[in-house]
Structures are given as structure tokens and as C-alpha cells.
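All remarks here apply to the structure that follows.
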Number of protein chains: 2
Amino acid sequence: MSHTAELIAVGTELLLGNIANTDAQMISEGLSQLGINVYYHTVVGDNPERVRQAVDIARHRADILITTGGLGPTCDDLTKVAIAQAFGKELVYHEPSAQRIRDRFAAMERPVTENNFQQAMLPEGCTVLDNDWGTAPGVAFEAESTHVIMLPGPPKECEMMFRHRAVPYLKALSDGVIASRTVKTFGIGESAAEALLRDLMNSLQNPTLAPYAKPTGTELRITAHAQTEAEAFALIAPVEAQVKEILGDKVIGVDVGSLEEVCYALLKEKGLTVGTAESCTGGLIAKLITDLPGSSALFRGGIVSYTNEVKAGVLGVPQDMLDQYGAVSPQVAEAMARGAKAALGCDIALSTTGVAGPDPDDRGNPIGLVYLGLAYQDQCYVTEFHAGKVARERIRRQSAQTALDLLRRYLTGLL
Amino acid sequence: MSHTAELIAVGTELLLGNIANTDAQMISEGLSQLGINVYYHTVVGDNPERVRQAVDIARHRADILITTGGLGPTCDDLTKVAIAQAFGKELVYHEPSAQRIRDRFAAMERPVTENNFQQAMLPEGCTVLDNDWGTAPGVAFEAESTHVIMLPGPPKECEMMFRHRAVPYLKALSDGVIASRTVKTFGIGESAAEALLRDLMNSLQNPTLAPYAKPTGTELRITAHAQTEAEAFALIAPVEAQVKEILGDKVIGVDVGSLEEVCYALLKEKGLTVGTAESCTGGLIAKLITDLPGSSALFRGGIVSYTNEVKAGVLGVPQDMLDQYGAVSPQVAEAMARGAKAALGCDIALSTTGVAGPDPDDRGNPIGLVYLGLAYQDQCYVTEFHAGKVARERIRRQSAQTALDLLRRYLTGLL
């Protein structure tokens with residue numbers, strides 16, 4: 001049987017524009033992976049009557065209602081009270097939740113006040129979703145052919161509660177299990193990937209194959225429905241192999257993190273260190289690598305050479321080379337990478353030099369033209385990349401990612 | 001007369017969780033500044049019947065409907081058709097919009113196809129909101145006591161169309177004008193600012209004063225309602241002066257951009273150049289500065305010294321200093337800043353060295369302890385910053401911002 005869910009977010013801060021409704025995005029993506037349709041999201045403020053009205057509309061459009069926010073003492077447990085009323089349920093005292101509240105306050109060495117126990121008042125006969133990431137418990141119940149799930153609003157808490165509490169509850173509503181694997185790519189757009197995979201996608205029913213455009217690259221999600229997880233993964237395996245074969249070296253991995261995480265893992269596995277010499281990306285590659293905890297074990301350092309003086313003085317790019325070819329040239333990309341490798345004492349050095357805009361450079365090189373270098377041992381690869389005449393931020397991001405992809409290709413023997 | 005607006009976002013990609021509804025956040029914040037209430041947001045997919053139902057519900061709850069998305073040929077101008085139907089309006093051919101489409105394609109040297117002219121079919125008697133940032137024109141009209149505004153969905157386009165087209169239209173609906181000024185701060189939390197400003201806030205009716213917590217710092221928005229803009233700003237001026245006096249040197253400016261933009265303007269005004277030596281921030285400061293177009297005129301370069309070898313070899317930090325005090329020390333912060341100033345040939349150099357986590361360093365320095373340096377002429381300031389035991393990403397961001405604030409303080413004579 002196919003289910004339809006509707007999300008109701010409760011919080012005046014959303015209506016004032018203080019925050020975006022990222023909970024809805026996270027939950028929608030999760031529901032789509034479970035094969036549950038979502039036709040509407042609603043956002044409503046901390047107002048009991050309007051929450052009740054939103055619930056009344058939603059229950060006639062969907063058989064699963066998921067609320068976020070409006071739990072906890074600061075909003076008088078607004079959502080819980082409104083939902084209990086809408087479904088004619090009493091709130092009853094739930095001793096295990098009261099005990100969790102006592103324990104939590106004891107651990108913080110703070111006294112419990114009476115209003116904290118409001119959170120232990122839960123709809124009669126509900127399933128309590130223990131909250132290990134915050135104070136307000138979540139709730140799930142079925143009434144009048146509708147499944148209701150209430151989750152806390154703070155994004156991290158909401159995500160943990162959704163993944164670890166709501167998803168198992170929702171999976172139990174369907175026969176069998178749903179499992180998925182995500183093939184991540186770099187350097188191929190969503191529509192190009194779709195064109196290559198169209199015949200395969202059309203031939204499939206279970207598993208299904210769907211492309212997702214992410215800022216970091218196109219993702220292909222393979223989702224199977226079966227009686228057991230092992231059966232689901234057995235259905236996924238041959239499709240995963242086909243996708244990998246069709247997309248070839250564009251595939252950076254399956255169920256992996258970002259390009260920098262993939263590079264990190266490869267560098268660690270091979271015991272190699274890395275460094276950077278950045279011109280147009282201005283420190284972005286170094287920033288992306290050092291975002292990762294543990295990066296100090298393999299990232300030696302970086303040089304942002306935003307002027308020719310720094311390219312010459314710190315990286316040792318010959319002045320006559322700069323004069324002859326200009327800073328945006330394959331020659332300088334190579335000299336920067338070699339110079340960084342020597343100055344930083346790393347096994348591999350990446351370099352970028354290009355035109356991020358808003359204007360062409362003084363030699364007339366077009367906006368979006370970038371040279372990337374990768375130096376190792378006494379060798380150096382140089383590649384020319386055209387980001388096109390797009391926004392500065394996008395040219396910088398794409399250049400940094402393309403440099404990281406060059407590193408991935410080198411480390412996996414694709415160069 | 002007070003207005004109530006409701007936002008309807010049209011887009012299946014929102015219901016699949018591919019993107020978050022950031023348009024709703026941006027518009028809600030803008031409406032709140034105009035004193036217009038928002039009680040609900042609705043998100044609906046690319047489905048004409050469900051869009052019509054969402055409009056039918058919304059028009060009974062609000063007198064201003066703002067839609068985002070569902071314009072343009074890829075979705076068959078879904079929103080326009082559904083709205084025209086809901087309000088019993090014909091779509092009529094609008095020659096100036098057709099001409100804009102012809103001109104745009106001519107500029108791109110691409111042939112116009114017939115379906116592009118669908119976009120020139122607009123509800124009879126509407127106000128056309130010219131789109132200078134994309135292809136689909138926006139639309140505004142009043143019918144049956146409801147004001148309807150349709151904006152394109154892509155976030156940047158939506159923001160420009162809202163600010164430059166919808167806001168003037170909405171301002172015309174109210175008596176008089178609404179004007180606001182935003183005092184930006186750094187280094188003071190929302191609740192601390194609120195505590196200092198509470199008496200002033202409570203004493204005000206027009207203008208109003210409201211704090212907003214942003215990732216880059218607390219903002220105080222002063223909003224006045226008057227017959228003319230000049231009168232509104234005259235009401236704002238004394239409150240602005242009071243806020244600045246109360247918050248003192250935490251104020252980075254009024255109606256200014258980010259901290260890096262404030263520093264950029266100050267550096268430009270004084271004709272000074274800057275460079276960086278980053279350890280724990282790993283290139284983030286360089287990245288923030290070089291995000292700004294034109295930064296190449298005043299940013300010389302940066303050195304990310306993630307190992308002691310690079311601190312010694314490239315920045316010239318004495319090895320015995322590193323041995324004696326460790327990399328996370330005020331001495332090394334100073335030597336890094338001085339070394340960067342010399343190596344990069346800049347007027348001012350910023351440095352960071354600290355513990356971003358997830359573990360304390362090998363000398364037992366706690367997570368979140370960071371030393372910041374600022375070298376100029378033959379002087380150097382060093383300051384100790386405690387980010388606290390928070391997430392790595394937050395320690396890095398706060399350290400980078402605190403370093404930029406040190407630069408702002410130096411450039412404005414506050415150090």
C-alpha cells in the first residue's frame with residue numbers, strides 16, 4: 001500500500017524568516033527514499049488555533065502527518081496539545097519519560113522544576129520516541145487511519161530523531177524493507193547522466209534508479225524494496241555495477257562523503273601528504289581539506305599566491321616565466337605546483353591559477369579559464385578547465401572541486 | 001490597515017527534499033520588515049490541481065498571496081495558469097514581454113522557439129514585474145480583495161525580484177512609507193544585546209527596534225513608519241545613535257555587508273594591503289577575503305602553515321620558539337604574523353594558531369583556544385580567543401571572524 005505524508009512545521013521563527021525550514025528538506029529526502037509521497041509542506045506559527053486548522057487540512061490530504069517543532073516548555077508543548085485535541089486523545093502522565101527528565105537534570109546537577117514534567121504528559125496509547133539528543137520526547141500514534149509523528153524542531157535533534165526513531169517506525173508500516181545505495185559522481189551534469197542512464201532507468205521497477213543534482217555533483221540513488229535487507233541489497237548490486245560501468249571514471253564512490261573526504265581516505269590509505277598553491281581559488285582548497293577532522297596528519301600547508309610577487313618570492317615561479325606567459329598559464333600552474341611541493345615538503349601539491357572574474361585578466365584571458373596543476377615526485381600534470389562565464393563564487397568552487405578530482409584521479413591511477 | 005500575507009512555493013524539487021525553501025525565509029524576513037504578518041507557508045508540487053487547492057485555502061486566510069516558482073517553460077507556466085483560473089482571469093498576450101524575450105535570445109545569439117512566447121501570456125490587467133535577472137516575468141494584480149504576486153523560484157532571481165519589484169509594490173499598499181536601518185555588530189550575542197537594549201526597545205513604538213541573530217553576528221533593525229522616507233529616517237536617526245552608544249565598539253557599521261566587506265572598504269580607503277598566516281583556520285580567512293570581487297587589489301596572499309615545518313620553513317618561525325612554547329602560543333602567533341608580513345610583502349598580516357578539535361593538541365591546550373596576531377610596521381598585536389568546546393566548523397569560523405574583527409579594530413583606531 002502506498003502512503004502519502006504531509007509535513008507541518010510549527011514555529012513563528014520560520015514565519016519571521018529567522019531560519020529556513022531545513023527540517024522539511026531533510027525529512028522529505030528521507031521519505032522519498034522510503035517511497036512515501038509528499039504532496040504538501042505547511043509552516044504555521046506558535047498559535048494553537050492555527051496549528052489545529054493546519055492539522056485538520058492535512059489529515060484529509062495525507063495518511064501520515066509529521067510535525068516538527070512546538071514541543072518542549074518554551075512553547076508550552078503547543079504541538080502535542082493541538083494534535084491530541086485534533087485526534088480526541090487525552091494527555092496522560094508517562095512515568096519513564098518523567099524519569100528520563102529527572103535523570104537528565106541530575107546529570108546536569110540542576111534542580112527540576114514542575115513545568116519540565118509537562119513534557120512527560122503524552123497522548124494516551126502513543127509510542128514514545130526517546131530523544132537521546134535533547135529534552136523533548138517525540139511521539140508516534142495511529143488514530144482514525146492517520147499515522148502521526150511529532151519530532152522536535154532544532155535541526156540536528158530533528159535529524160537524529162527522524163533517522164533513528166521515525167524511519168524505523170515508518171519502515172514498519174510497509175511490507176518488507178527498503179534499502180538504497182548512492183553512487184556519487186563528479187564532472188557530469190544531472191541531465192547528461194540521465195541521458196546515459198535513461199534506458200536502464202526505464203527498464204527498472206525494483207530497484208529504482210533516480211538522479212539527484214547536488215552542488216558537489218550528480219548523485220544516482222538505487223532503491224530496492226524486498227522482504228529482507230540482504231534481498232534488497234542483492235537486487236541493488238547488479239544495477240550498481242551497471243551504473244558504475246556506464247558512468248566510468250566519473251564515479252567517485254558509492255555511499256561516500258564529499259570529494260575531499262574521498263581524497264582524504266585515499267591519501268591516508270597510501271600514506272601520502274598534500275599541499276596547495278592557490279591563486280584564483282584563494283585558499284578554498286586548503287579550507288575544504290582542513291574542514292576535515294584529522295586533516296593535520298596529511299595536509300602540510302598551502303600558499304595563497306594572489307600576486308606575482310608571492311608567486312615568485314614564496315613559490316619560486318621564475319619572473320621571466322610570469323612575464324612571458326602571464327600568471328594564468330599552464331607554465332605557471334606547473335611552476336606553482338612544483339614550488340609548493342618543495343616549499344611545503346609534501347608528497348603531492350595541487351595548484352590553481354585562473355580568472356574568477358568579475359573581469360577578464362590584463363592579458364585578455366576570459367573569465368572562467370583556470371589552469372590546474374598536480375606535482376608529485378619529479379613529475380607534474382597540468383590541465384585546463386573552463387568554468388564558463390558564471391558567478392565568481394561558482395568559478396572558485398568548481399575550480400577547487402576539479403583540483404580535488406585531479407587528486408582523486410591521480411590517487412586511483414586514472415591519470 | 002494591517003495586511004496578512006501567505007507564501008505558496010510551487011516545486012516538486014522542494015517536496016523531494018532536493019532543496020530547502022530558502023525563498024520563503026528571504027521573503028518572510030522582508031515582509032516582517034514591512035510590518036506585514038505571515039501566518040502560513042505552503043509548499044506544493046508541480047501539479048495544477050493541488051496548486052489550485054493550495055490557492056483556494058490561502059486566499060481565505062490572507063489578503064496577500066505571494067507565489068514562488070512554477071513560472072517558465074520547463075513547468076508549463078503552471079503557477080500562472082492555476083492562479084489565473086483561481087481568480088477567473090484570462091491570460092492575454094503582452095507584447096513588451098514578448099519583445100524582451102526576443103531581445104534576450106538575440107543577445108545570446110540563439111533562435112527563439114514558439115514555446116518561449118508562452119511566458120508573454122499574462123493575466124489580463126496585471127502589473128508586469130520586469131525580470132532583469134532571468135527569463136520569466138513576475139506578475140502582480142488585485143482581484144476579489146486579494147493581492148497576488150508571482151515570483152520566479154531560483155533563489156537569486158527570486159531575491160532580486162522580491163527586493164526590487166515586489167517590495168515597492170507592497171510598500172504602495174500601505175499608507176506612508178516604511179524605512180529601516182540595520183546596525184551590525186560583532187562579538188555580542190543576541191541575548192546580551194537584548195539585555196543591554198531592553199529599556200530602549202520597550203520605550204519605543206515608532207520606530208521599532210528588533211534584534212536578529214545571524215551566523216555572522218547580531219543585527220539590530222530599526223524600522224520606522226512615516227508619511228515620507230525623510231520623516232522615517234528622521235525618526236530612525238536618534239535611535240540609531242542610542243544603539244551605537246550602548247553597543248559601543250561592538251558595532252561594525254550600519255547597513256554594511258559582512259565583516260570582510262567592512263575590512264575591504266577600510267583597507268581600500270587607507271590604501272593598505274593585507275596577507276594571512278593561518279594554522280587552525282586553514283585558509284578560511286584567505287577564502288573569505290578573496291570571495292570579494294576586486295580583492296586582488298589589496299590581498300597579497302596567504303600561507304596555510306598546518307605543520308611546524310611550514311611555520312619554520314616558509315614563515316620563519318624560530319624552531320626553538322616552536323619547541324619551547326608549542327605551535328599554539330602567543331609567541332608563535334606573533335612570529336607567524338611577522339613572518340607572513342615579510343614573506344608576502346603586505347602592510348598588515350593576520351595570523352591564527354589554535355586548537356580546532358576534535359582533540360586537544362599534544363601539549364594539552366584545550367579545544368577552542370586560539371591565538372590571533374596582527375602585524376603592521378614593526379609592531380604586532382596578539383590576542384587570546386576562546387571559542388569554547390564547540391564544533392570544529394564553528395571554532396574555525398569564529399576564529400576567522402575574530403581575526404577579521406581585529407583587523408577592523410586596527411583600521412578604525414580601536415586597538
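Points to keep in mind about this one:
- Backbone N within region A:362-390 under 13 Å of label point (7 Å from A:LEU272 Cα along the Cβ vector): A:374-381
- Computed from point charges on the beta carbon alone (+1 for Lys and Arg, -1 for Asp and Glu), the dipole magnitude for region B:259-299 about its Cα centre is near 100 Debye.
- Over region B:282-415, relative contact order from alpha-carbon pairs under 8 Å, at least 6 apart, %: 19 percent
- Gyration tensor verdict on region A:249-320 (Cα atoms; rounded if a/c is under 1.5, prolate if a/b is larger than b/c, oblate otherwise): prolate
- Global form of region B:281-415, assessed from the alpha-carbon gyration tensor, a/c cut-off 1.5: oblate
- Degrees between helix A:190-203 axis and first principal axis of chain A (Cα, 0 to 90, nearest 10): 60 degrees
- Helix-only [θ]222 nm of the protein assembly as shown, DSSP H runs n ≥ 4, -39500 (n - 2.57) each, per residue, nearest 500: -12000 deg cm²/dmol
- For the rotation carrying B onto A, the chain B residue whose Cβ lies nearest the axis, with the distance in whole Å, reads B:GLY283, 2.
- A:MET161, A:MET150, B:MET160 arranged by Cβ crowding within 10 Å, fewest neighbours leading: B:MET160, A:MET161, A:MET150
- In a reduced charge model with +1 at each Lys and Arg Cβ and -1 at each Asp and Glu Cβ, the protein assembly as shown shows a dipole moment near 1060 debye about its Cα centre.
- Anisotropy class of chain A from Cα gyration tensor, a/c 1.5 cut: prolate
- 7 Å along Cα→Cβ, label-point gaps from B:GLY257 to other copies, nm, shortest first: 3.1
- Sorted shortest first, the separations between the A:SER203 label point and its copies elsewhere in the assembly read 7.8 nm; each point sits 7 Å from Cα along the Cα-to-Cβ line.
- With contacts taken as Cα pairs under 8 Å at a separation of at least 6 residues, region B:90-232 carries a relative contact order of 16 percent.
- Here the contact order of chain A, divided by its residue count and restricted to Cα pairs under 8 Å and six or more residues apart, works out to 10 percent.
- Radius 15 Å from Cβ of B:THR22, net charge of other residues (Lys, Arg +1; Asp, Glu -1): -4
- Residues A:THR68, A:THR290 arranged by fewest to most Cβ contacts within 10 Å: A:THR290, A:THR68
- Rounded tilt (10° steps) of B:48-59 against the dominant C-alpha axis of chain B: 80 degrees
- Spatially, region A:133-150 and region A:300-324 are offset by 60 Å when compared through their Cα centroids.
- Between the residues B:ALA230, B:SER296, B:LEU344, the greatest Cα displacement towards the positive end of the dipole of region B:205-360, with unit charges on the Cβ of Lys, Arg, Asp and Glu, is found for B:LEU344.
- This model, with +1 at the C-beta of Lys and Arg and -1 at the C-beta of Asp and Glu, gives chain B a dipole about its Cα centre of some 580 debye.
- Distances, shortest first, from the label point of B:ALA297 to those at the same position in the other copies read 4.6 nm; the point lies 7 Å along Cα to C-beta.
- Under 29 Å of direct C-alpha separation, and excluding same-chain neighbours fewer than eight residues apart, A:LYS80 reaches these lysines: A:LYS89, A:LYS156, A:LYS171.
- Cβ neighbours within 10 Å from other chains - mean over A:19-30: 5
- Rg/Rh for region A:67-189 stands at 1.06; both radii use Cα atoms, and Rh follows the Kirkwood definition.
- Residue-count net charge about A:GLU142 - beta-carbon cut-off 14 Å; Lys, Arg +1, Asp, Glu -1: -1
Computed from the coordinates by the stated procedures, all read-outs in this text should not be read as laboratory data. Not measured: the values here are computed from a predicted model. Methodologically, a virtual Cβ is constructed for each residue, glycine included, from the backbone with ideal geometry; neighbour enumeration extends over all protein chains shown.
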